[in-house]
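First the structure, in the form of structure tokens, and then the observations on it.
The values are calculated or read from the model by the stated rules, or taken from the named source; none is laboratory data. Bear in mind that the values here come from a model prediction, so they are computed numbers and not experimental data. Cβ: placed from backbone, ideal geometry, glycine included. Neighbour counts: every protein chain shown.
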Amino acid sequence: MRNFKLCLSYDGSRYRGWQKQGNTPGTIQEKLETLLSRLLEQPVELNGSGRTDAGVHARCQTCSFKADSALSCGELLELIRSRLPQDIGALSLEEADPGFHARLSCREKSYVYFIWNSPGPNVFYRKYSFSCPETLDISAMERAAELLLGEHDFSSFCSLRRMKKSAVRRLDALEIFRDGDMLRLKFTGSGFLYNMVRILTGTLIEVGRRERRAEDMPALLAARDRQAAGFTAPAQGLFLWEQKY
């Protein structure tokens, strides 16, 4: 039995997220497991580095799976690429150490959220960014971002009403870049809660609009109450960006 590491990119627009949901079709994991099981003529279970919600994209999603196959990685990669739809791309495939697991072995992951910050038309990026025409106070957003760094209970930034596990996560970096009319928010940390990046983004946008103060971030964290934080930014602007092992 060999252990494989597969890296993917995908446009999540027409999918119901990464994680398979029983008999519910339309997830990326279910589609790939079906494809791999047919190609390798055996049941294949695919593990991703992280879950992406419905409508969320991935620049790089690292996966792992085990299979008994005599095919080389190059041969199998060519077969996978030839059968994937155009909105899912297989970037690379290699044989990994027996103990490698895409999620459990991951040390750090990054998400990027794109914001079209202009009153002008967002013709070419409308499917992959959130349009925010108001002038944003970037310096205030950066001050707020700095106060969110470190290890905290991020319950206020999670959509789940009941947490079975700890909501403590470590946010190592929250960077804001501007390229013309496009803002790019990059979140890097040990792991993220359900909708955490989208709620953090919505909260920072509200700071940029001067609807809340940057200095309120410690109080939001301490509240551990979803109602205390900002709105959930739409899915289409979010990308799973990269992972480190």
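A few comments on the model shown:
- Scan of segment 90-120 for residues that are aliphatic (A, V, I, L, M) and surrounded by 12 or more Cβ atoms within 10 Å (Cβ to Cβ), ordered by number: 90, 91, 93, 96, 102, 112, 115
- Of residues in segment 56-72 being farther than 21 Å from residue 103 by Cβ and not acidic (Asp, Glu), the one surrounded by the most Cβ atoms within 10 Å (Cβ to Cβ): 69
- Among the residues making up segment 198-210, those that are surrounded by fewer than 21 Cβ atoms within 10 Å (Cβ to Cβ) and either touching a helix residue (DSSP H, G or I) at 6+ places or on another chain (Cβ under 6 Å) or under 20 Å from residue 159 (Cβ atoms) (or both) are 202, 206.
- Which listed residue, of 136, 200, 160, 185, is among the aliphatic types (A, V, I, L, M) and either modelled with pLDDT under 95 or assigned by TED's automatic domain parsing to the domain that holds residue 18 (or both): 160
- Residue 229 vs. criteria touching a helix residue (DSSP H, G or I) at 6+ places or on another chain (Cβ under 7 Å) and either outside the structural domain of residue 16 (by TED's automatic domain parsing) or among the polar types (S, T, N, Q) (or both): yes
- Among the conditions (1) without any contact (Cβ under 8 Å) to a residue 40 or more places away in the chain; (2) part of a helix (DSSP H, G or I), the only one that residue 230 does not satisfy is (2).
- Options 20, 5: the member that is touching a Ser or Thr at 6+ places or on another chain (Cβ under 6 Å), surrounded by 20 or more Cβ atoms within 10 Å (Cβ to Cβ) and more than 18 Å from residue 241 (Cβ to Cβ): 20
- Any hit, segment 23-36, residues being surrounded by fewer than 18 Cβ atoms within 10 Å (Cβ to Cβ), part of a loop (DSSP other than H, G, I, E, B), within 19 Å of the chain's Cα centre (by Cα) and modelled with pLDDT under 95: yes
- So residue 145, is it surrounded by 14 or more Cβ atoms within 10 Å (Cβ to Cβ) and not in a helix (DSSP H, G or I): no
- Residue in segment 79-89 that is surrounded by 20 or more Cβ atoms within 10 Å (Cβ to Cβ), at pLDDT 95 or above and small (Gly, Ala, Ser) present: no
- Extreme residue, surrounded by the most Cβ atoms within 10 Å (Cβ to Cβ), among residues of segment 181-193 that are assigned to a loop (DSSP other than H, G, I, E, B) and in contact (Cβ under 8 Å) with a residue 60 or more places away in the chain: 192
- Residue tally, condition of a type in the set (A, V, I, L, M) and in contact with a Phe, Trp or Tyr (Cβ under 6 Å, 6 or more places away or on another chain), over segment 221-239: 3
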